[in-house]
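Below is one structure, written out as structure tokens; comments come after it.
The values are calculated or read from the model by the stated rules, or taken from the named source; none is laboratory data. Not measured: the values here are computed from a predicted model. Please note: Cβ atoms are built from the backbone with ideal geometry, for glycine as well, and neighbour counts cover all protein chains shown.
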Amino acid sequence: TSLGAYPTFNFHIAGVGGRLVTVAYENDQESLDGLLGAVRKDKAPLVYLSNPDNPMGSWWEASEIIRFIEALPRTTMLV
């Protein structure tokens, strides 16, 4: 997830013994490419995407989210 996203995401990850990987914002917005890179690097089984993002209030258009979904590995679940 992005570095500043909802802190409760970590509660779920910690509850199942996982490790939360965060990606820094770019231009005051989540970086879809940064998230995708982290997913691939860490072979993440799960990725959280806040849309709209909290606390920044930024959002991604549907076409950008579809591109992100299509680029995710088949083994990664998007939440």
* Structure fact -> Filter the range 26-79 for residues that are within 10 Å of the chain's Cα centre (by Cα) and of a type in the set (Val, Ile, Thr); the one that is modelled with the highest pLDDT is 39
* To do: For residues that are surrounded by 11 or more Cβ atoms within 10 Å (Cβ to Cβ) and in a loop (DSSP other than H, G, I, E, B), tally how many sit in the range 17-56.
  => 16
* Within the range 15-41, which residues are touching a Lys or Arg at 6+ places or on another chain (Cβ under 8 Å) and of a type outside the set (A, V, I, L, M)? -> none
* Please identify the pairs in which a residue from the range 45-65 that is in contact (Cβ under 8 Å) with a residue 40 or more places away in the chain and farther than 25 Å from residue 18 by Cα has its Cβ atom under 8 Å from the Cβ atom of a residue that is of a type outside the set (Asp, Glu) and in a loop (DSSP other than H, G, I, E, B), counting only partners at least 6 apart or on another chain. => 56/4; 56/25
* Structure fact -> Of 39, 23, 16, the only residue that is closer than 22 Å to residue 74 by Cβ and in contact with a helix residue (DSSP H, G or I) (Cβ under 6 Å, 6 or more places away or on another chain) is 23
